[in-house]
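The values are calculated or read from the model by the stated rules, or taken from the named source; none is laboratory data. Keep in mind the model is a prediction, meaning the values are calculated, not measured. A quick note on method: Cβ atoms are made from the backbone with ideal geometry, for glycine too, and the neighbour counts reach across all protein chains shown. Surface accessibility is based on the protein's heavy atoms, side chains included, excluding ligands, DNA and RNA. Shrake-Rupley method; radii C 1.70, N 1.55, O 1.52, S 1.80 Å.
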Amino acid sequence: MPFALTPERERTFQELLTRYPTKMALTIPLLQLCQEQHGWISEEVMLFVAERLDLSAAHVKGVVTFYTLFNQHPVGKHQVWVCKTLPCALRGAYDVLHQCEKKLGIKAGETTSNGQITLRTAECLASCATAPMMQVDKEYFEDLTPERVDEILRRLQES
Amino acid sequence: MLKPTEYLTCVYGLPSGHTLPVYEKHAYGYETARRVLTTMTAEQVVAEAKKANIRGRGGAGFPMGIKWSFMRPHPTKPAYLIVNADEGEPGTHKDRTIMERNPHSIVEGCIIGAYAIGAHVGYIYVRDELHLSKARLNEAIAEARAKGYLGPKPFGSSWSIELYVHSGAGAYICGEETSLLNSLEGKRGEPRLKPPFPAQVGAFGCPSTVNNLETMAIVPTAFRLGCEEFSKLSALHNLDDGGVRLYGLNGHVKKPGVHELAVGPTLRELIYDLGGGVLGDRELFAIIPGGSSTPVLRPTDTLSAPDPGSKLHAWHGKCVLDVPLGVDTMRASGTMLGTCCVTVLAQGTDPVMAMLNLMQFYHHESCGQCTPCREGSGWLDRTVQKIFDGRGTMQDIDALHEIAGNVMGNTICAFGDGMAMPALGFVKKFRKELEAYVRGDTKKENARLTVT
Ligand SMILES: Cc1cc2nc3c(=O)[nH]c(=O)nc-3n(C[C@H](O)[C@H](O)[C@H](O)COP(=O)(O)O)c2cc1C
Ligand code: SF4
Ligand code: FES
């Protein structure tokens, strides 16, 4: 079935259209709306975006492949990002990452076999003074300790 | 001397500190924007702004008022105000605090800025991951709009202003201003060749001013105090480096955090007085003064200004820890001021492992447009990895120098230099440690970045 936005997201899209002098400027916002709904950017989603914005599919694909936060494949229901850049690494980020890998039984970049959780590393997330930190879906978890990491993952696995 | 101030941070700790009622009660909410828009011409605003000596808070330190003046005389096309909240430079964590805890200062600053440069529309480009920041900005914009501070007639004036939050999608390079513009336009975030500069051809082909988010947030304070008075708060007013700004502390300090201070604290004051000293009371090993692109310092480094005619001569030969942090003082110390968020490395940190971490970052984030940067970032990463793995040779250390040297000045955007300068800095300051890996005296199995 061809992709379509839910009525609520369609309204958001229509409102966003009024904010920019070109339709092309909607490329990223519209892709984000689609990903929020669909979980990842499939070929159908790209065609949908291209058509709605009068763009070539090649343009849309070029944008999708440029930005790391567009999922080009299906991913887990929850996203766990562990920041591994230097300021976090100075405060134990590598240990946090290893703990997550062990507890989830997967490596960074992989998804648990039940499709629940994708684990990834992130570059500096502007949270260096509360390092180490990780992001779970849209939420930041800062000043992590091994106990808190366990707790966060346990809750996520149970959800 | 440390001069803590609270112009931006006064609402940070308050309940509902991010809302309009608190901003009005505790931070002179929108009084300044009202006065500026109803009593000053745009030309007057720009002339006044220059006196604030606000050096851009995004890292390059360009004077804000002068940047605004490039937008005058008023162009015939529409103009745009673009606010850079992509905050992705490793070790930088200040803009996020303003968005989350004092978003109205940004909105008010944008009203003044848009009016000054002749823009009716402003876009705040926020990196995607900062969901709370985006929500707080959107709330603040809605509150200001409901009051009529934004919209067709802000404060009854005839200069309409709309402000929108635009989300990034995960790319460090989009913090570079021309990459940001491409991203805003819905394209791949690849930097553009300059010239033309954004003031000539910016967003959507129109004249635009790109300023860092903190730069905009401090504008209402400068205008409230009077821009010259504001500038004079700084210890470096006579170097045209004025006012107050946010300083961050991270890494191996006892108390990491963000502090608002008059411009010109020293690293020693930041690390020991505000940061409580080095973690575990260890010796200070190294400092990255303002984000990963600013070359690393050793505590034994000194400022160099041998010319007696130089305004910096008074600090010539002085330990870098005891020099007021400023755009020019850091340049004379062999590094850059950058974003004023300081990363502290304690004795016991492995500098080769630290360098590897950063080179992995740059390798991952190069946009790939220019060959020296695309290839160089990979080479640097792989060569440091090889040395770290114990497979390196002395020639590899020289190769690091050569690769970084070939990137310097040979790329479209400043990412190239921002990668090459710290690489050169690490090779220069930690050659002994790199050589120890080559000789097999140091092994990666024993390398640590943590020190507790
Ligand atoms: C690779 C790279 C990344 C950058 N990232 C940011 C950033 O995240 N935030 C920012 O304000 N400026 C960033 N800048 C600097 C901007 O290009 C630009 O100079 C700045 O937004 C101008 O604002 P200012 O004059 O107020 O500092 C970056 C520059 C480069 C080369
Ligand atoms: S210097 Fe690097 S990041 Fe900048 S345009 Fe060239 S390849 Fe892209
Ligand atoms: S290094 Fe992890 S948030 Fe900055």
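Given the conditions (1) within 14 Å of chain A (Cβ to nearest Cβ); (2) open to solvent by 20 Å² or more (accessible area, probe 1.4 Å), and given that residue B:281 satisfies all but one, which numbered condition is not satisfied?
Here residue B:281 clears every test but (1).
Got at least one residue in region A:15-24 being over 30 Å from residue B:445 (Cβ atoms), under 19 Å from the mean Cα position of the chain (by Cα), open to solvent by 70 Å² or more (accessible area, probe 1.4 Å) and not basic (Lys, Arg)?
No, every residue in region A:15-24 fails to be over 30 Å from residue B:445 (Cβ atoms), under 19 Å from the mean Cα position of the chain (by Cα), open to solvent by 70 Å² or more (accessible area, probe 1.4 Å) and not basic (Lys, Arg).
What pairs can you find where one residue is in region B:85-96 and farther than 16 Å from residue A:91 by Cβ and modelled with pLDDT of 95 or more, the other is more than 10 Å from ligand 1 (Cβ to nearest atom) and open to solvent by 10 Å² or more (accessible area, probe 1.4 Å), and their Cβ atoms are less than 8 Å apart, with a gap of 6+ or different chains?
Close Cβ pairs (under 8 Å, with a partner that is more than 10 Å from ligand 1 (Cβ to nearest atom) and open to solvent by 10 Å² or more (accessible area, probe 1.4 Å)) amount to B:87/B:96; B:88/A:123; B:94/B:258.
Sort out which residues of region B:341-391 are outside any helix (DSSP H, G or I), within 15 Å of ligand 1 (Cβ to nearest atom) and within 10 Å of another protein chain (Cβ to nearest Cβ), and write them in order of number.
Within region B:341-391, the first condition is being outside any helix (DSSP H, G or I), and the residues that meet it are B:341-350, B:366-370, B:389-391.
Next, only the ones that are within 15 Å of ligand 1 (Cβ to nearest atom) stay: B:341, B:366-370.
Scanning region B:341-391 gives B:341, B:367, B:368.
All but one of (1) basic (Lys, Arg); (2) open to solvent by less than 20 Å² (accessible area, probe 1.4 Å); (3) within 14 Å of chain A (Cβ to nearest Cβ) hold for residue B:245, so report the exception by its number.
Of the numbered conditions (1) basic (Lys, Arg); (2) open to solvent by less than 20 Å² (accessible area, probe 1.4 Å); (3) within 14 Å of chain A (Cβ to nearest Cβ), the odd one out for residue B:245 is (3).
Only one residue in B:338, B:416 is assigned to a loop (DSSP other than H, G, I, E, B) and under 23 Å from the mean Cα position of the chain (by Cα). Which one?
Only one candidate qualifies: B:338.
Does any residue in region B:128-154 that is in contact (Cβ under 8 Å) with a residue 40 or more places away in the chain and within 12 Å of chain A (Cβ to nearest Cβ) come within less than 7 Å, Cβ to Cβ, of a residue that is surrounded by 15 or more Cβ atoms within 10 Å (Cβ to Cβ) and assigned to a loop (DSSP other than H, G, I, E, B) six or more places away or on a different chain, and which pairs are these?
Note: pairs meeting the criteria are B:128/A:69; B:128/B:168; B:128/B:169; B:128/B:170; B:129/A:125; B:130/A:126.
Does residue A:27 satisfy the condition of being under 30 Å from residue B:205 (Cβ atoms) and within 16 Å of ligand 3 (Cβ to nearest atom)? First the steps, then the outcome.
On the way: under 30 Å from residue B:205 (Cβ atoms): yes; within 16 Å of ligand 3 (Cβ to nearest atom): no.
So residue A:27 does not fit the description; no.
Looking at residue B:169 and the list (1) away from ligand 1 (no atom under 15 Å from the Cβ); (2) open to solvent by less than 20 Å² (accessible area, probe 1.4 Å); (3) over 26 Å from residue B:42 (Cα atoms), which single condition is not satisfied?
For residue B:169, the exception is condition (1).
Of the conditions (1) under 12 Å from the mean Cα position of the chain (by Cα); (2) within 11 Å of chain B (Cβ to nearest Cβ); (3) within 18 Å of residue B:189 (Cα to Cα); (4) touching a residue at least 24 places away in the same chain (Cβ under 8 Å), residue A:35 clears all except one; give me its number.
Status for residue A:35: all satisfied but (3).
Could you list, in sequence order, the residues of region B:150-194 that are in contact with a strand residue (DSSP E or B) (Cβ under 7 Å, 6 or more places away or on another chain), of a type in the set (A, V, I, L, M) and assigned to a loop (DSSP other than H, G, I, E, B)?
If the condition is that a residue be in contact with a strand residue (DSSP E or B) (Cβ under 7 Å, 6 or more places away or on another chain), of a type in the set (A, V, I, L, M) and assigned to a loop (DSSP other than H, G, I, E, B), then B:150 is the only one that fits.
Would you kindly identify the helices (runs of 4 or more DSSP H) lying entirely within region A:10-124 that contain at least 2 residues that are over 22 Å from residue B:364 (Cα atoms) and more than 16 Å from ligand 2 (Cβ to nearest atom)?
A:27-38, A:43-52, A:57-66, A:93-104
Does residue B:384 meet the test of being away from ligand 3 (no atom under 16 Å from the Cβ), crowded, with 19+ Cβ neighbours inside 10 Å and in contact (Cβ under 8 Å) with a residue 60 or more places away in the chain?
no
State yes or no: is residue A:77 within 16 Å of ligand 3 (Cβ to nearest atom) and of a type outside the set (Asp, Glu)?
no
From the residues in region A:121-159 that are without any contact (Cβ under 8 Å) to a residue 60 or more places away in the chain and of a type in the set (S, T, N, Q), which one is most open to solvent (accessible area, probe 1.4 Å)?
By that ranking, first place goes to A:157.
Of the residues B:79, B:47, B:85, which single one is away from chain A (no Cβ under 14 Å) and not charged (D, E, K, R)?
B:47
Please determine whether any residue of region B:389-401 is over 17 Å from residue B:433 (Cα atoms), open to solvent by 20 Å² or more (accessible area, probe 1.4 Å) and out of contact with any Lys or Arg (no Cβ under 9 Å at 6 or more places or on another chain).
No, there is no match, as no residue in region B:389-401 is over 17 Å from residue B:433 (Cα atoms), open to solvent by 20 Å² or more (accessible area, probe 1.4 Å) and out of contact with any Lys or Arg (no Cβ under 9 Å at 6 or more places or on another chain).
Suppose we keep only residues that are assigned to a loop (DSSP other than H, G, I, E, B) and within 24 Å of residue B:289 (Cβ to Cβ) within region B:392-413. Which one would you say is nearest to ligand 3 (Cβ to nearest atom)?
B:413
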